[in-house]
Amino acid sequence: MTPQFDYITRRRFNFIELIIHWEGRLTTNHLQKHFAISRSSASNIIQDYIQFYPQSLRYNSSLKGYEATKDFSPCLIDLDLTAYLKLANQGEDTLTWQQFTWLSSPLISIEPHKIRGVLRALNQGLRVDVGYASVSSPEFESRIISPHNLIFDGMRWHVRAYCEKNSGFRDFVLTRFNGECEFEGEAQYDQSHDTLWQTQLTVVIEPDPRLTPERAHIIALDHQMTKQPNGRYQRKITVRAALLLYLLKQLHLDSYQTKPEAQQIILSPTCLEALKPYMAW
């Protein structure tokens, strides 16, 4: 069980794990630069981490720093490279490796005053009457919704909410609110009532069968697929049913390309059949 740390301690330990996991070597200089602290303070933070996780780090005099032991297992971080790169992008000289370019979505800019009411409803479990426009209804119209989660699909922010107009749960694009809202009391529906949110699906991807074995192997490496007993490469991804279409879009599986080099991956035939009930836009 992970100990309960205060915010500052968790932030520092999280930093230690990111550096060790991705750079393989941690020094007091890392912490000094990132947190603007003294060498002795940095050393104390490392020792505090070792006190909680004594089998994780060891000092290597030849490296002049700490390295992970074979028992090191990050407890506080997401192992995705994105978390490391975001940290590296927080300031000059934050990490020892910074030669990368971060391409952010051009569509995520949101005017705060337009969504403050929605965020308050989300945080406090309220129903809110808001003005919302859509492609099918371009004029702002009143919607009474009960939000339960924010979603970033890789390009845009949405809020998942119960919509009283549609008598069901829907995703609303945050940029389409007009900021005019009235609170209608406590929400009667939350994520526990959202069947698609509670339903977990398994997405199975594999290289396009039209590819040559050599090219299929490269695609398998790109997508961290493993070779199955039948010789085919596959990877399983778990996703909420409510988020399935966003995942398919990210994987470019929402359309079919005539050239296998453009398509690259497909859903396994068995998986495709299982997911069809959830794939209607």
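The values are calculated or read from the model by the stated rules, or taken from the named source; none is laboratory data. Nothing here was measured: the structure is a model prediction, and the numbers come from that model. When we count neighbours, we look across all protein chains shown, and the Cβ atoms used for this are built from the backbone with ideal geometry, even at glycine. Ligands, DNA and RNA are excluded from the accessible area calculation, which covers all protein heavy atoms including side chains. Shrake-Rupley method; radii C 1.70, N 1.55, O 1.52, S 1.80 Å.
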Any chance you could run the full-extension gain for Ser192 through Glu261? It's 0.36 nm times the residue separation minus the Cα-Cα distance, nm to one decimal.
20.7 nm
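At 1.4 Å probe size, put Met279, Met155 in order of accessible surface, largest to smallest. Walk me through the numbers before you get to the answer.
Details: Met279 50, Met155 85 Å².
Output order, biggest surface exposure first: Met155, Met279.
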For Ala187, distant residues with modelled amide H under 5 Å away:
Leu126, Arg127
Sorting His217, Ser41, Pro207 by the position of each Cα along the dipole of the chain (Lys, Arg +1; Asp, Glu -1; all at Cβ), the one nearest the positive end of that ordering is His217
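At 4 °C and 1.567 mPa s, grab the translational diffusion coefficient of the chain from Stokes-Einstein with a Kirkwood Rh over Cα pairs, rounded to a whole number in µm² per second.
Values: Rh = 22.7 Å.
Answer from the Stokes-Einstein relation: 57 µm²/s.
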Residues with beta-carbon under 10 Å from that of Ile145, excluding Ile145: net charge, scoring Lys, Arg +1 and Asp, Glu -1?
+2
In degrees rounded to 10, the 0-90 angle between helix 39-52 Cα long axis and the longest Cα principal axis of the chain is 70
Which residues in region 194-216 place their backbone N less than 15 Å from a point set 7 Å from the Cα of Lys227 along the Cα-to-Cβ direction?
207, 213-216
List the aspartates and glutamates whose alpha-carbon lies under 13 Å from that of Lys276, not counting same-chain residues fewer than 8 positions away?
Asp254
Nearest-ten-degree value, helix 7-23 long axis tilted from longest Cα axis of the chain
70
From phi via Karplus (6.51, -1.76, 1.60), per-residue ³J(HN,Hα) for region 255-260 in Hz, x at Gly/Pro:
8, 10, 9, 6, 9, x
Tell me the angle of helix 112-124 to the major Cα principal axis of the chain, expressed in degrees between 0 and 90 and rounded to the nearest ten.
80
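Over 30 Å between C-alpha atoms is what I'm after, so list which of Lys33/Lys236; Lys70/Lys236; Lys86/Lys165 land there. Don't skip to the answer; put the middle values down first.
Values: Lys33/Lys236 40 Å; Lys70/Lys236 27 Å; Lys86/Lys165 39 Å.
Checking Cα-Cα distances, Lys33/Lys236; Lys86/Lys165 exceed 30 Å.
If each residue of separation counts as 0.36 nm, what is the full-extension length gain between Lys70 and Arg120 once their alpha-carbon separation is subtracted?
Values: separation 50, 0.36 × 50 = 18.00 nm, distance 4.55 nm.
Using 0.36 nm per residue and subtracting the Cα-Cα distance, I get 13.5 nm.
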Cut-off under 5 Å, modelled amide H: who pairs with Leu57 long-range:
Thr69
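Suppose R0 equals 41 Å; then what is the FRET efficiency for Gln51 and Ala83 from their Cβ-Cβ distance, rounded to the nearest 0.05?
Working: r = 24 Å, r/R0 = 0.59.
Result of the calculation: an efficiency of 0.95.
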Label-reachable residues, region 174-206, where backbone N falls under 17 Å from a point 7 Å from Glu141's Cα toward its Cβ:
176-178
Could you go through region 183-195 in sequence order and give the Karplus-derived ³J(HN,Hα) for each residue, using 6.51 cos²θ - 1.76 cosθ + 1.60 with θ = phi - 60°, rounded to whole Hz, and x for Gly and Pro?
8, 10, x, 5, 5, 9, 10, 9, 5, 5, 8, 8, 4
With θ set to phi - 60° and the Karplus curve 6.51 cos²θ - 1.76 cosθ + 1.60, what are the ³J(HN,Hα) couplings of region 159-174 in order, to the nearest whole Hz, using x for Gly and Pro?
10, 8, 8, 7, 10, 6, 5, 9, 6, x, 7, 9, 9, 10, 6, 4
Carbon/sulfur accessible area of the chain, % of total, 1.4 Å probe, equals 50
For Lys227, list the aspartates and glutamates whose Cα falls under 16 Å from its own Cα; do not include residues on the same chain fewer than 8 positions away.
Glu206, Asp208, Glu214
About the Cα centre of the chain, what is the dipole size in debye to 20, counting +1 per Lys and Arg Cβ and -1 per Asp and Glu Cβ, all else neutral?
660
